[in-house]
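Student: Have a look at this one.
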2 protein chains.
Amino acid sequence: MTTPSGVEAELGWALGTVTRAHLRAAQDVVGGLPGGPRGYQVLAAAATGEAGSQLALGRQLGVDRTVMTYLLDELEQAGLVARTPDPADRRARRITLTESGQARLCALERSLRAAEDDLLAPLDSGERAELRALLLRVATRVGGPAITCTEAEALS
Amino acid sequence: MTTPSGVEAELGWALGTVTRAHLRAAQDVVGGLPGGPRGYQVLAAAATGEAGSQLALGRQLGVDRTVMTYLLDELEQAGLVARTPDPADRRARRITLTESGQARLCALERSLRAAEDDLLAPLDSGERAELRALLLRVATRVGGPAITCTEAEALS
DNA sequence: TATTGTTATACTCTATAACTATA
DNA sequence: TATAGTTATAGAGTATAACAATA
């Protein structure tokens with residue numbers, strides 16, 4: 001394989017292109033799910049109960065809190081998630097999966113994995129794992145738990 | 001490092017998070033450049049003369065042709081690019097860099113590389129190269145030259 | 001008839017600001 | 001006073017449709 005030149009040698013171009021392709025593939029898979037691919041991410045996050053509030057959930061997903069409201073409205077109306085007040089802080093709402101939401105999530109996970117493998121077809125299985133691992137390491141530093149600390153420090 | 005769970009184990013989450021972070025960093029770097037990060041990508045593509053038309057350029061960058069018009073209007077008005085009619089097909093316009101555009105591009109490239117290295121700080125230099133290479137391989141299959149063929153076939 | 005580029009319009013998505021309730 | 005969530009509004013960004021020039 002020759003070394004690419006011009007835009008096609010750019011990290012930004014590669015990131016944008018792969019992300020767009022992944023988004024298109026995900027959109028096909030999630031079909032009529034409220035909120036599309038992001039709705040799926042909300043379900044996945046709610047399943048593990050990682051985020052204790054809508055705000056934290058939004059930060060994790062890179063979504064504004066006002067958008068989270070609409071997103072959760074749709075998912076709640078579809079009977080996939082429930083908003084329960086946090087006993088410790090009654091301003092905050094904990095997002096939990098309903099049984100229906102749990103089932104939907106499980107069904108989607110497998111199709112999504114298949115779509116991702118299709119997207120990563122140019123790579124062998126070892127390389128796919130490596131790409132996932134590398135991206136994850138960058139992401140967790142940049143936008144994952146670390147960002148909460150960074151923001152907390154910046155606010156103090 | 002422990003294996004992440006939930007959304008943070010998802011390829012889609014990692015891609016989105018890293019792409020957003022890269023976009024933020026790029027936006028800081030390109031500053032007042034017309035079109036922001038995408039304006040830079042147009043300059044980078046024009047520098048090598050890869051794309052023979054606005055339409056091809058848009059496809060390469062994942063941008064609608066109507067958006068390309070506005071984008072190029074701004075860049076042309078800023079004296080960074082020029083639209084010259086293609087002698088072979090007078091409907092198409094070839095996008096070329098002006099001297100000013102060339103200088104601007106060179107100046108931006110270094111700052112952008114620095115910002116990207118900062119983004120990829122969690123990885124050592126070997127891993128950064130590997131991540132770039134893996135992403136590039138997926139992107140060139142999915143959205144690069146291959147997409148032109150795919151779309152051409154789909155249209156026939 | 002199909003395609004490149006332009007323009008105008010409409011639509012979607014997102015952010016901003018104001019409000020309520022809790023802290 | 002500050003924060004979580006909601007709502008309404010305004011703004012940015014994007015796509016759709018109609019048009020002119022060329023193939």
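What follows is calculated from the coordinates using simple rules that are stated; it is not laboratory data. Here the structure is a predicted model, which means the values were calculated and not measured. Here the Cβ is made from the backbone with ideal geometry for all residues, glycine too, and neighbour counts use every protein chain on show.
Student: Can you pull out the trypsin sites (Lys or Arg not before Pro) in the range B:1-106 that DSSP calls coil and that have at most 11 other Cβ atoms within 10 Å?
Tutor: In loop regions of the range B:1-106 (DSSP not H, G, I, E or B), the sparsely surrounded trypsin sites (Lys or Arg not before Pro) are B:Arg90, B:Arg91.
Student: Shifting gears a bit: Report the Rg/Rh value for the protein assembly as shown, based on alpha-carbon coordinates and the Kirkwood definition of Rh.
Tutor: 1.00
Student: Just want the answer: with Cβ charges of +1 for Lys and Arg and -1 for Asp and Glu, which residue in A:Val142, A:Ser125, A:Ala26 is farthest toward the dipole's positive end in chain A?
Tutor: Of the candidates, A:Val142 comes out farthest on the positive side.
Student: Here's a follow-up. How many nm is it between the label spots at A:Glu130 and B:Ala114, if each spot is 7 Å from the Cα in line with the beta carbon?
Tutor: Output for this residue pair reads 3.1 nm.
Student: What gaps in nm, shortest first, separate A:Asp117 from its twins in the other copies when you place the label 7 Å past Cα toward the beta carbon?
Tutor: Counterpart label points of A:Asp117 in the remaining copies fall at 3.9 nm.
Student: Going toward the positive end of the dipole of the range A:45-121, with +1 on Lys and Arg Cβ and -1 on Asp and Glu Cβ, which of A:Gly101, A:Ala115, A:Gly49 do you reach last?
Tutor: Farthest along the dipole direction, towards plus: A:Gly49.
Student: Report the dimensions of the range B:1-140 along its three principal axes from the alpha-carbon atoms, largest first, rounded to Å.
Tutor: 58, 27, 24
Student: How high is the relative contact order of chain B, in percent, with contacts defined as C-alpha pairs under 8 Å that are six or more residues apart?
Tutor: 21 percent
Student: Something else: Regarding the range A:32-100, what are the three Cα extents along the principal axes, ordered largest first, in Å?
Tutor: Here the Cα extents, ordered largest to smallest, are 35, 26, 19 Å.
Student: How many nm is it between the label spots at B:Arg90 and B:Glu74, if each spot is 7 Å from the Cα in line with the beta carbon?
Tutor: 3.2 nm
Student: Follow-up. Once each part is reduced to its C-alpha centroid, what is the distance from the range B:7-81 to the range A:34-48 in angstrom?
Tutor: 28 Å
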